[in-house]
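Structure first, then comments.
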Amino acid sequence: MLFRMIFTFALCVPGLALSQLPDTSTHTNATGMTLVRIEAGAFTMGGETTPLPESLTGNQENRINGDFDEHPRHEVTISQPFYMGATEVTNAQFEQFDPDHRALRGKLGFSRKDEEAVIFVSWEEAQAYCDWLSEKEGQAYRLPTEAEWEFACRAGTESIFYTGDELPESYHKNQTKSWYPDPFRVENYPMDYDDQIVSLVVAQTPANPLGLYDMHGNVEEWCQDWYGPYETGPQTDPVGRVGGRYRVTRGGSHGTVPYYLRTANRSATVPQDRNWLIGFRVVMAPQPQSTPLPLPPLPRHQQDVQQTAPNYAAANASASPRFEGPIPYVKIPENSQGPLYSRHNHDPALVECPNGDLLAIWYSTVTEQSRELGLAAARLRYGATEWDDAAPFWDVPDRNDHGPAAWNDGEGNIHVYVGLSTAATWGNLAVVTIMSSDSGATWSEARIIMPEHGTRHLPVESVFPMADGTWLLPCDARSQGHGGTSIHLSTDQGETWNDAGGKLAGIHAGVTQLTDGRLFGFGRGDDVSGNDGVLYMPQSISSDRGKSWSVSASSFPPIRSGQRLVLTRLQSGPLLIVSFANDPMEMTDAHGESNACTGLFAALSYDDGATWPTKRLISDASGRTIEFMDGRPFEMTSTNGEPKGYMSACQTPEGMIQLISSRQHYAFNRAWIEMKK
């Protein structure tokens, strides 16, 4: 199934006899809603023509003239008048349609009053409200197109906001980079949260020149369009793309920096999402009769994907030692400013496709705590020696898409899990999944499997099926560099998920199952003191499917910021850990001799993690300088491996362990780990 469903344009309620639009400057309907008449006209749609002030950009170079998706600027004609709600739909107005929504008033502290903007409403629910209103009023109500929204917001202005090139303080409602409602941040930084819960009462600041309130801030507003790239050239009554993954939102909200409240700024999210930043306003007008734009071209990793499985028997790699690489898989041109960014590429997932290709997925951004963070992907085609250039994979516009995890279920399907933020931080994630049954050539429609935005929802790259068929997905339990990892379980092949309730020690944990059925894991942070008084990486074991964990000191040194381990069971039986020695540690060096080494290493356990007698540095001993995380150089020698990176690994059927860091790809087998001089 293609990842983008097709949207059929129609009037709100098929077969409904609709009245002519009124011709008054305002119109008040039976629900008490006031709508403002917007006359036909033309404007230039899109980003800024001159550099934005530093007060908005924070000196991030990808934002000099707005975001990449605000260009190219293009001329748009709105050929027919329409009426737009003077305010966002309020609780009192929405609950005439859905009285049950009243139970959501005050959720997380927001929107308790009748006259506050309604929130926790999905795109589908907003659309259903329009259908109900159309039938009730005998008029065509719908969500505004993205072009109508920007035309109405600009109200004839060409400045950054309709107020000018700055948004006055009176419009500000907690215009900061918010972590709310992350309980750790609230508990430890209470002064930062005094003003997080703000009033969402509509029409408390001056209207724009057309009489529309709250077009900059209060809450984001759903639009009708599927999100997609702009095209050059003049357009009349554009209605967006014919399909997509995300529905557009506009206007910005409380709890975010003012940059995202600009007139030209474009946001979006999956249509099923409900959160405290998004509401909507309505338009009263027939549906524009223009044709939607076609779907944009597929990214490189979805093009020319072969569907024939390779002959692994002819490429068996289990007998003799093999080591290949490292070669870079992050291939993004320098100074890229969107949709991919050359600045910071990190946190990868790696999966072997049924056709033998490798697919790497990671996030690409300027900074981690930012709305531009999205997922990139690249493909290493079976038999190739170079990775394809990177291309966008999953990028919910202006949402922090954190923590990809991926696995091959052995039934011909690839599953990818992504944390979906409300805004710029990862303390308030929901979890979304997509699936491919054709080696990543096409992807299913996105499905939210953990819909409540919060902690314990940052996917970790250690997904696997337990012995009884239960699927296990680890997720960081805290937004900090310590505090544990939660376990989520599905007993119906990913349809529904339940939090096991406990947490193992350390974030970014690698988790596996022991032969006796217990769960076993290592994590970063929450270090444990050994009998010698030295701190070690924590080791956690659960006998009750993740409800509770016993924690002890492992035999491995702790890892630090910028480092993530791998823990998995090899096809031939031993457990494998790939981790980092930040200080010299005795192991087999790259020449097969025992030596004190630092950096990236692999270790094997033949007794279910009780001991780890085999340890080997992962290095080609070449002495060459290569790049690790974010392009920083290091010298790879016989006793020095990569110093930092988030690791992800899978084992291909011929026995090769495919390992990626935040930039490099290594391949080796068990025989190579065990090889000595």
Practice prompt. Filter the range 460-476 for residues that are surrounded by 15 or more Cβ atoms within 10 Å (Cβ to Cβ) and part of a loop (DSSP other than H, G, I, E, B) and give the result.
Written response: 460, 461, 462, 463, 466, 470
Worksheet, complete the sentence: Taking first residues from the range 651-666 that are under 17 Å from residue 389 (Cα atoms) and second residues anywhere that are crowded, with 24+ Cβ neighbours inside 10 Å and among the β-branched types (Val, Ile, Thr), the pairs with Cβ under 6 Å that are 6 or more apart or on different chains are 663/330
Worksheet item: Would you pick out the residues in the range 306-336 that are within 23 Å of residue 246 (Cβ to Cβ) and modelled with pLDDT of 95 or more?
Response: 332
Item to complete: Determine which single condition residue 664 fails, assuming it passes every other condition in (1) over 28 Å from the mean Cα position of the chain (by Cα); (2) at pLDDT 95 or above; (3) of a type in the set (S, T, N, Q); (4) over 25 Å from residue 552 (Cα atoms).
Response: (1)
Worksheet entry | Candidates 427, 403, 419, filtered to the one that is open to solvent by less than 10 Å² (accessible area, probe 1.4 Å), modelled with pLDDT under 95, farther than 22 Å from residue 229 by Cα and under 10 Å from the mean Cα position of the chain (by Cα) | 403
Discussion item. Could you go through the range 599-619 and let me know if any residue there is polar (S, T, N, Q) and open to solvent by 50 Å² or more (accessible area, probe 1.4 Å).
Written reply: yes
Worksheet, complete the sentence: Apart from one, (1) under 28 Å from the mean Cα position of the chain (by Cα); (2) touching a residue at least 60 places away in the same chain (Cβ under 8 Å); (3) farther than 27 Å from residue 311 by Cα all hold for residue 648; the odd one out is (3)
Worksheet, complete the sentence: Filtering the range 430-452 down to residues that are touching a strand residue (DSSP E or B) at 6+ places or on another chain (Cβ under 6 Å), open to solvent by 20 Å² or more (accessible area, probe 1.4 Å) and outside any strand (DSSP E or B) yields 444, 445
Practice prompt. Residue by residue through the range 67-88, note down the ones that are within 28 Å of the chain's Cα centre (by Cα) and open to solvent by less than 60 Å² (accessible area, probe 1.4 Å).
Written response: 67, 69, 70, 72, 88
Worksheet, complete the sentence: Result of the Cβ filter at 8 Å on the range 74-99, keeping first residues that are more than 16 Å from residue 144 (Cβ to Cβ) and partners that are open to solvent by less than 10 Å² (accessible area, probe 1.4 Å) and polar (S, T, N, Q), at least 6 apart or interchain, is 91/111
Practice prompt. State yes or no: is residue 482 of a type outside the set (Phe, Trp, Tyr), open to solvent by less than 40 Å² (accessible area, probe 1.4 Å) and either part of a loop (DSSP other than H, G, I, E, B) or in contact with an Asp or Glu (Cβ under 7 Å, 6 or more places away or on another chain) (or both)?
Written response: no
Discussion item. Tally up the residues in the range 505-528 that are over 24 Å from the mean Cα position of the chain (by Cα) and not polar (S, T, N, Q), please.
Written reply: 12
Practice prompt. Answer yes or no: is there a residue in the range 270-286 that is open to solvent by less than 30 Å² (accessible area, probe 1.4 Å), under 27 Å from residue 651 (Cβ atoms), in contact (Cβ under 8 Å) with a residue 40 or more places away in the chain and in a loop (DSSP other than H, G, I, E, B).
Written response: no
Worksheet item: Is it fair to say residue 595 is surrounded by fewer than 18 Cβ atoms within 10 Å (Cβ to Cβ) and under 23 Å from residue 481 (Cα atoms)?
Response: no
Discussion item. Residues that are open to solvent by 30 Å² or more (accessible area, probe 1.4 Å) and at pLDDT 95 or above: does the range 48-66 have at least one?
Written reply: no
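The values are calculated or read from the model by the stated rules, or taken from the named source; none is laboratory data. All figures in this text were calculated on a predicted structure; none of them were measured in a lab. FYI the Cβ positions are ideal-geometry reconstructions off the backbone, even for glycines, and counts take in every protein chain you see. SASA here: full protein model, heavy atoms, side chains in, ligands and nucleic acids out. Shrake-Rupley method; radii C 1.70, N 1.55, O 1.52, S 1.80 Å.
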